[in-house]
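Read through the structure below, which is laid out as structure tokens, and then see the notes.
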Amino acid sequence: RFRGDYSRQRVGSVSTIPKNVFLASLLSKVGGQDKPINFFVHGYATSWLEAVTSAAQLRSDIQSNNVMVAFCWSSHESVLGYVADQDEIEWCQDQMREVLLDLLRLSDDVIVNVIAHSLGARGVMGVLRAIYRSGDREQLKKIREVVFAAPDVEQERMDRDYLPVAKFAGFNTTVYVSDKDVAMSVSESLHRRPRVGSASGKIYIHQQVATIDVSVSDESRWGHSALFRSRELANDLHYLLRFHLPPNDRHGLERVRGPGGHYWRVRP
């Protein structure tokens with residue numbers, strides 16, 4: 001957990017990096033459109049080691065030398081810890097907001113891309129909304145892309161809490177979903193409300209959001225980790241985060257007409 005300084009957990013120990021040292025080192029590696037920061041927040045049932053490994057894998061998949069910063073929150077590292085993890089992602093939002101704001105304040109020309117998986121998307125949404133409602137709201141305009149992969153977020157909450165923030169800040173939003181996602185089906189059953197990350201029922205469609213169905217390329221065991229198990233999704237992230245191309249200009253996607261609008265699907 002982040003308490004004042006930035007903690008780096010190792011097997012059997014926790015060491016602390018002074019914040020000013022970390023930020024000074026980061027500032028030397030970033031700057032402007034060509035060197036954005038990718039800020040990654042992992043999902044539920046994820047250990048610290050799995051989170052850092054996933055962030056490193058994403059950096060490789062994107063085929064970029066840009067800095068990847070992983071925010072590791074205190075997941076209970078078990079699918080049976082889902083209820084407790086919902087409390088944890090709410091608890092850590094003050095720390096997540098502090099870290100994100102530190103990144104956004106690095107310089108006037110810094111650009112940040114945010115990538116959140118699963119329950120991590122709920123934390124990111126809460127943090128963005130909190131910044132939007134504070135005196136730091138202008139800092140949000142330094143965010144360029146927000147990516148939600150299998151987001152465990154209620155669709156009505158997305159409309160109410162997130163879309164006004166995205167409209168104000170002007171960043172692009174991409175959502176990856178899969179109809180093989182067992183975790184989203186369970187979440188919908190528990191909460192009895194459609195999730196943004198689900199493609200098995202009412203798929204989320206909004207003109208401010210590019211929803212992409214990656215079901216045909218999802219090779220993850222439970223359909224919840226396509227972000228790390230789909231070559232096609234990795235390729236799409238490459239063109240999205242490196243070149244900021246809209247879905248129309250990205251290879252391998254087809255436009256699909258849905259109820260009330262359209263979404264995108266990875267071509268079989």
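The values are calculated or read from the model by the stated rules, or taken from the named source; none is laboratory data. The structure displayed is predicted, hence computed values, not measured ones. Using ideal geometry, Cβ is built from the backbone for each residue, glycine included, and neighbour counts are taken over all protein chains shown. Only protein heavy atoms, including side chains, enter the accessible area calculation; ligands, DNA and RNA are left aside. Shrake-Rupley method; radii C 1.70, N 1.55, O 1.52, S 1.80 Å.
A few points about this structure:
- Each residue in the stretch 24-55 was checked for being open to solvent by less than 60 Å² (accessible area, probe 1.4 Å) and of a type outside the set (S, T, N, Q), and 16 pass.
- Here Gly260 passes the criteria (1) open to solvent by less than 50 Å² (accessible area, probe 1.4 Å); (2) on the phi > 0 side of the Ramachandran plot except the one numbered (1).
- In the stretch 160-177, residue farthest from Ile111 (Cα to Cα) [restricted to those that are surrounded by fewer than 15 Cβ atoms within 10 Å (Cβ to Cβ) and of a type in the set (D, E, K, R)]: Arg160
- Glu188 being buried (at least 17 other Cβ atoms within 10 Å of the Cβ), in contact with a strand residue (DSSP E or B) (Cβ under 8 Å, 6 or more places away or on another chain), among the charged types (D, E, K, R) and part of a helix (DSSP H, G or I): yes
- One residue stands out among those in the stretch 65-87 that are modelled with pLDDT under 85 and open to solvent by 90 Å² or more (accessible area, probe 1.4 Å): the one that is nearest to Met125 (Cα to Cα), which is Val83.
- The residue pairs whose first member lies in the stretch 41-55 and is free of Cβ contacts under 8 Å to residues at least 60 places away in the same chain and among the small types (Gly, Ala, Ser), whose second member is assigned to a helix (DSSP H, G or I) and open to solvent by 30 Å² or more (accessible area, probe 1.4 Å), and whose beta carbons are closer than 9 Å, counting only pairs six or more residues apart or on different chains, are Ala45/Val79; Ala45/Leu80.
- In the stretch 17-66, of all residues being among the β-branched types (Val, Ile, Thr) and not in a helix (DSSP H, G or I), the one that is nearest to the chain's Cα centre (by Cα) corresponds to Val41.
- Among the candidates Lys202, Lys180, residue that is open to solvent by 30 Å² or more (accessible area, probe 1.4 Å) and touching a Phe, Trp or Tyr at 6+ places or on another chain (Cβ under 9 Å): Lys180
- For Thr211, the conditions (1) touching a helix residue (DSSP H, G or I) at 6+ places or on another chain (Cβ under 8 Å); (2) open to solvent by less than 20 Å² (accessible area, probe 1.4 Å) are fulfilled apart from (1).
- Some residue of the stretch 228-245 being surrounded by 15 or more Cβ atoms within 10 Å (Cβ to Cβ), in a loop (DSSP other than H, G, I, E, B) and touching a helix residue (DSSP H, G or I) at 6+ places or on another chain (Cβ under 6 Å): yes
- Residue in the stretch 134-144 that is in contact (Cβ under 8 Å) with a residue 12 or more places away in the chain, part of a strand (DSSP E or B), farther than 18 Å from Arg105 by Cα and of a type outside the set (Asp, Glu) present: no
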